Amino acid sequence: MRAVETEQLHLVRSAICYTPAMRLPLVLLPLTAFLAGPALAQQPPERSGHYYLQGVMETGSELLLQPDGRFQWYLVYGALDLFAEGRWTAQQGTVTLTSEKTKEVPEPGFKTLVLTIRDKALIPPDGRGAYMRPAYEKE
């Protein structure tokens, strides 16, 4: 009797979960998610690149916007060193940086930073200075 019950259970599982119509979507689901993830995260290529803060005395700052929607940022002013990394988006004339705590940056320098797009420059919220790409970097 045990073998018959096992056989019946196997047939029921096969009928419910592993029909040929369901097998293909189940197999392709992880592949679809893997392939769609980077495509959905892509940001406008005209905004990605390496930016340097200009026009603010005695301050050094760089911003790297990666095409996959990630960013890295730092700012140095005297003895103050701030760092952040996380995700960025560009929409409606702004670039929004949303930091994430990481092993490398456990205390980000900001939570969210919104930069205004003005021509090829990214303007900080206080309006002082501008993040610019070097002239030799392709636009």
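The values are calculated or read from the model by the stated rules, or taken from the named source; none is laboratory data. Remember, it's a predicted structure, so these values are computed and weren't measured experimentally. Cβ coordinates were reconstructed from backbone atoms using ideal geometry, including for glycine residues, and neighbour counts include every protein chain displayed. Surface accessibility is based on the protein's heavy atoms, side chains included, excluding ligands, DNA and RNA. Shrake-Rupley method; radii C 1.70, N 1.55, O 1.52, S 1.80 Å.
Might you let me know whether region 21-43 holds any residue that is at pLDDT 60 or above and in contact with a strand residue (DSSP E or B) (Cβ under 8 Å, 6 or more places away or on another chain)? Give the derivation first.
Looking only at region 21-43, we keep the residues that are at pLDDT 60 or above, and these are none.
Scanning region 21-43 turns up no residue that is at pLDDT 60 or above and in contact with a strand residue (DSSP E or B) (Cβ under 8 Å, 6 or more places away or on another chain).
Residues of region 60-109 that are open to solvent by less than 30 Å² (accessible area, probe 1.4 Å) and in contact with a helix residue (DSSP H, G or I) (Cβ under 9 Å, 6 or more places away or on another chain): GLY69 alone.
Name every residue in region 101-119 that is closer than 20 Å to GLY49 by Cα and at pLDDT 95 or above, in order of residue number. Talk me through it step by step, then tell me what you get.
To start, the set of residues in region 101-119 that are closer than 20 Å to GLY49 by Cα comprises 112-119.
Listed by number, the residues that qualify are THR112, LEU113, VAL114, LEU115, THR116, ILE117, ARG118.
Of the residues making up region 56-64, not a single one is in contact with a Ser or Thr (Cβ under 7 Å, 6 or more places away or on another chain) and under 19 Å from THR116 (Cβ atoms). Scanning region 110-139 for residues that are open to solvent by 30 Å² or more (accessible area, probe 1.4 Å) and among the small types (Gly, Ala, Ser) gives GLY127, ALA135.
Can you confirm whether region 100-123 contains a residue that is at positive phi and small (Gly, Ala, Ser)? Full working, then the answer.
Start the filter on region 100-123 by keeping residues that are at positive phi, which leaves 119.
Filter once more, keeping what is small (Gly, Ala, Ser): none.
No, there is no match, as no residue in region 100-123 is at positive phi and small (Gly, Ala, Ser).
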